[in-house]
Protein chains: 2
Amino acid sequence: VFIVVSTKYSAVGSSPPRSTRHTPIQTAAASTRTDPPGRPAATMEEELHALLRDLDALKQLPDPASIDRMRDRVVKMMGPSGAAAAATRSKIKDMSAEVVDSNPYSRLMALQRMGIVDNYERIRDYSVAIVGVGGVGSVAAEMLTRCGIGRLLLYDYDTVELANMNRLFFRPDQVGMTKTDAAVQTLSEINPDVVLESYSLNITTVKGFETFLGSLKARSSNGRSTGVDLVLSCVDNYEARMVVNQACNELRQTWMESGVSEDAVSGHIQLLVPGETACFACAPPLVVASGVDERTLKRDGVCAASLPTTMGVVAGLLVQNSLKYLLKFGQVSPYLVIASIELL
Amino acid sequence: VFIVVSTKYSAVGSSPPRSTRHTPIQTAAASTRTDPPGRPAATMEEELHALLRDLDALKQLPDPASIDRMRDRVVKMMGPSGAAAAATRSKIKDMSAEVVDSNPYSRLMALQRMGIVDNYERIRDYSVAIVGVGGVGSVAAEMLTRCGIGRLLLYDYDTVELANMNRLFFRPDQVGMTKTDAAVQTLSEINPDVVLESYSLNITTVKGFETFLGSLKARSSNGRSTGVDLVLSCVDNYEARMVVNQACNELRQTWMESGVSEDAVSGHIQLLVPGETACFACAPPLVVASGVDERTLKRDGVCAASLPTTMGVVAGLLVQNSLKYLLKFGQVSPYLVIASIELL
């Protein structure tokens, strides 16, 4: 049903490099946008802080008990840390297989009883780096988060725009946030057990590359050259793919590449094991092999098509392959292309 | 790469029928849960309403201007309709192909320029009913919403639990809400252009079936027996699948069936056209054909495994097939089974 085709890849999205930024994570609650889309509006946090100031001013007046009650309500809305965070669930120390509605891991631990995975809880020991938090990377990050991965490192230099809303994951109220911050906001609400690291940087710049390499090497132990178990490339241009390839070759780090075609209906995943498989520079897609400069593919006022369906399928296949690789079950796929225009 | 296998399907989730309910849609902002997970907590809406009552009481005191300012703030937080909706973006009258960051439809309209779809904007004329808003249905609903479908009808009788958090879509702060209400909350924030209809009911009950049938027939015109263009079955048990089959046979309504195996690593989609293809009662999966009562498959304390990957892939294939059917491009797949344990 799935057939292999040669695909053209999008160069869209490769905006001019920006320098490394460390933006504080915004509030988890919804912003109260009344401005036109695209312009940042007062956040829920700002509103609530203003409300608190007004209430403090009102303290000069009688009935302090009532006012204290209001203060308590507002503080409760704003969450324990003072940020207007969506109160979600407390952290869970050990993954349990108990079948109760309140156990977020029951359906995952059931993979053991079903004979698919030997030791599911081992997933907590693993760290995965996701380069590119767009239509594929954001969904892959959400899947790994919901699966209870130990640690996720997220890299992107872009910000959320309304033009991203045709793919899964980002919400209109996150427009203007960096993609990594918006992702951390959403993912930490979904599963507070996952350690999230957010890198808003462009890995193709000298400084960005250094930070990228350093973050992969951090926490290395037992003679391993990196502190991560897998790198997932979810970027939308070759330059970035070649940089991931370079970093992983230097560090002898296994990684998986993914991509979706410009016409939105095809995609691929590819496993790369330095020293075992051909590296990405030696086994690139056809369009690169034919020596076309991808920058010539990008034209003003023209954007590539994209669909949440293809992006979701590629993310699903990528993370399925990652789970098989990390948890050692089934057969890890070395290369897979989907072409959905004919029969899916 | 994809191979066809016979799969066993989950009977889990077929809780005792509940009567039809019409719960008001809860607040879009985060609930302020301080209670243990699994117990409903005061919602943001309730908190804000209580705050308003206190403020009204304070009105008896001096400085009404300051209090009015507070009221305005709270009302602004609560959104235009009085519900604490996350203000997102305003509705968009016509889909534009303009390539600007603020256009949520640019990447979809690009499907026309890429030669994939003749007239993408036609998607706004279509209505799709999704039966079952679980691991597959909720993601299918989000994909169609982000694609800008005209109208979505959602059916489910269940509530959100932490045990659902291993699949995409629902958030921990939605625990305790009906799945249809939680879905409407999330989807209306993502794309206010989509008309959403929420039916919290069990279609396998007499009353639920009547409401289900009535809602499909509503808005019928031009000699058509229903007001919807496609029904997607995303339920987790045969009884419900047979009810969808019965309704669609009665109404001569084209539908697509979907499912994921109990061991979480296989799934299928199937196209059913009354009067053309065999109906679901004549072409059921192997386990039904062999006459096993699915209720015997369900054992206390045992839950089926599920993965966001397989669910996401099945939802993606289902909606891709739906888009091809509705927008008339490519080849609509009559049947597709994925088995990911071997090579994805």
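So the values come out like this:
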{"quantity": "Highest to lowest packing among A:182-193, B:266-277, scored as the average C-beta count within 10 Å", "calculated": "A:182-193, B:266-277"}
{"quantity": "Copies compared at B:Tyr335 - label distances in nm, ascending, label defined 7 Å from Cα in the Cβ direction", "calculated": "3.2"}
{"quantity": "Residues in region A:97-115 occluded by at least 20 Å² - accessible area, probe radius 1.4 Å, against chain by itself", "calculated": "A:Val99, A:Asp101, A:Ser102, A:Pro104, A:Arg107, A:Leu108, A:Leu111, A:Arg113, A:Met114"}
{"quantity": "R0 of 41 Å, Cβ-Cβ distance B:Lys91-A:Glu197: FRET efficiency to nearest 0.05", "calculated": "0.65"}
{"quantity": "Förster radius 35 Å - calculated FRET efficiency between A:Phe209 and B:Lys328 (Cβ-Cβ, nearest 0.05)", "calculated": "0.15"}
{"quantity": "Inter-copy separations for B:Ser220, label at 7 Å along Cα-Cβ, nm, ascending", "calculated": "6.8"}
{"quantity": "Distances in nm from A:Cys282 to the matching label points in the other copies, shortest first (labels 7 Å along Cα to Cβ)", "calculated": "5.6"}
{"quantity": "Filter on B:Lys207/B:Lys324; A:Lys207/A:Lys328; B:Lys91/B:Lys217; A:Lys324/B:Lys324 - keep pairs with C-alpha separation over 29 Å", "calculated": "B:Lys207/B:Lys324; A:Lys207/A:Lys328; A:Lys324/B:Lys324"}
{"quantity": "Neighbourhood charge, 12 Å Cβ-Cβ cut-off, centred on A:Ile92 and excluding it, Lys, Arg +1 and Asp, Glu -1", "calculated": "0"}
{"quantity": "Paramagnetic reach from A:Arg252 (point 7 Å along Cα→Cβ, amide N under 20 Å) across region A:259-280", "calculated": "A:271-280"}
{"quantity": "Sum of side-chain charges, A:Pro308 neighbourhood, beta-carbon under 11 Å (Lys, Arg +1; Asp, Glu -1)", "calculated": "+2"}
{"quantity": "Amide hydrogen neighbours beyond the local backbone of B:Gly227, cut-off 5 Å, H modeled", "calculated": "B:Lys217, B:Ala218, B:Ser220"}
{"quantity": "Rounded accessible area of A:Glu121 (nearest 10 Å², 1.4 Å probe)", "calculated": "60 Å²"}
{"quantity": "Total formal charge among the other residues, if their Cβ is under 10 angstrom from that of B:Val235, Lys/Arg +1 and Asp/Glu -1", "calculated": "-3"}
{"quantity": "Nearest-20 debye value, region B:106-339 charge dipole, Cβ charges on Lys, Arg, Asp, Glu", "calculated": "620 debye"}
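The values are calculated or read from the model by the stated rules, or taken from the named source; none is laboratory data. If you're wondering where the values come from, they're calculated on a predicted model, not measured in any experiment. Positions of Cβ are backbone-derived with ideal geometry, glycine not excepted, and every protein chain shown enters the neighbour counts. These area figures cover heavy atoms from the full protein model, side chains too; ligands, DNA and RNA do not enter into them. Shrake-Rupley method; radii C 1.70, N 1.55, O 1.52, S 1.80 Å.
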